[in-house]
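The values are calculated or read from the model by the stated rules, or taken from the named source; none is laboratory data. Predicted model, so just to flag it, every value in this text is computed and none were measured. All Cβ positions, even for glycine, are placed from backbone atoms using ideal geometry, and neighbour counts span all protein chains on display.
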Amino acid sequence: LTMWFGESEANVRDIFDKARSASPCVLFFDELDSIAKSRGGNVGDAGGAADRVINQILTEMDGMGAKKNVFIIGATNRPDIIDPAILRPGRLDQLIYIPLPDERSREAIIKSNLRKSPVARDVDLPYIARVTHGFSGADLTEICQRACKLAIRQSIESEIRRERERAANPNVAMDLDEEDPVPEITRAHFEEAMRFARRSVSDNDIRKYEMFSQTLQQSRGFGTNFRFPTHNSGRAAPGATPSDQGNFQDDPDDLYS
């Protein structure tokens, strides 16, 4: 969003134009609720810029033909405030609830964060994954980053202490090629990092997301028991010819063809 009238909508058009020119591609909107909040409730919005941005997004989605091969994905932690028009069939109609990572996923996240960091052999990463139930990926990343920072800080302090010893004893020969005093992340670093570990998603938030997911599934549950009648199964629909059935062609009225 910008302060200039019409510039925000132009930015949206540019994004979709670039996606169409780069197709096949994936257009990903992170924190979708920041630009697709329900219309009409933006108090203090200068000139209704947020509503105009949503209208422009809807227009671009409707003009995105199937043959353009552009997949649009949005992610949000606030699905309850997304404008309903964004979620209607033909737009972002496939909603997927992604829960917090399980133990196996947590272990994979921890190993991914530490893939370029030297870790001591006695560090039990699966145990960290086991005791961090309810932690999100960001929470686990914070633990790994804090452990890395603790190891780096200890290494710097050891190097400073070594330099002071050299300065205090200039006549004492010291090996200039001494190994790093802290060559890897140890169990002590992870134990200290776990003291500051915290969950960013509460149990109340999890229940809220699960209830929203169930409510949405129930609201879209029409037709779950749909069955075609067994009699006259080979009969064509009234007014339809055999050539009309299964004849799907590109829409000549596609605005972006």
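So the values come out like this:
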{"read-out": "Residues within the range 73-92 that are in a loop (DSSP other than H, G, I, E, B) and either crowded, with 16+ Cβ neighbours inside 10 Å or not basic (Lys, Arg) (or both), tallied", "value": "8"}
{"read-out": "Index of the failed condition, Val123 passing every other in (1) in a helix (DSSP H, G or I); (2) farther than 26 Å from Gln218 by Cα", "value": "(1)"}
{"read-out": "Residue in the range 96-119 that is surrounded by 18 or more Cβ atoms within 10 Å (Cβ to Cβ), basic (Lys, Arg) and within 24 Å of the chain's Cα centre (by Cα) present", "value": "yes"}
{"read-out": "Verdict on Asn42 being over 20 Å from Arg88 (Cβ atoms), surrounded by 12 or more Cβ atoms within 10 Å (Cβ to Cβ) and either at pLDDT 85 or above or more than 24 Å from the chain's Cα centre (by Cα) (or both)", "value": "yes"}
{"read-out": "Residue ID - modelled with the highest pLDDT, chosen from residues in the range 52-105 that are within 30 Å of Tyr127 (Cβ to Cβ) and touching a Pro at 6+ places or on another chain (Cβ under 9 Å)", "value": "Glu103"}
{"read-out": "Looking only at the range 152-173, and only at residues there that are of a type in the set (S, T, N, Q) and more than 22 Å from Ala193 (Cα to Cα), the one that is modelled with the highest pLDDT", "value": "Asn169"}
{"read-out": "Check on Gly74, touching a strand residue (DSSP E or B) at 6+ places or on another chain (Cβ under 7 Å) and closer than 24 Å to Ile35 by Cα", "value": "yes"}
{"read-out": "Flag if Leu27 is at pLDDT 85 or above, of a type in the set (A, V, I, L, M), on the phi < 0 side of the Ramachandran plot and touching a strand residue (DSSP E or B) at 6+ places or on another chain (Cβ under 6 Å)", "value": "yes"}
{"read-out": "Selected residue (only one of Val123, Val53, Val70 is in contact with a helix residue (DSSP H, G or I) (Cβ under 9 Å, 6 or more places away or on another chain), of a type in the set (Val, Ile, Thr), surrounded by 12 or more Cβ atoms within 10 Å (Cβ to Cβ) and touching a residue at least 60 places away in the same chain (Cβ under 8 Å))", "value": "Val123"}
{"read-out": "Inter-residue pairs, beta-carbon under 7 Å, first among the basic types (Lys, Arg) and in the range 14-32, second outside any loop (DSSP other than H, G, I, E, B), 6+ apart", "value": "Arg20/Lys68; Arg20/Val70"}
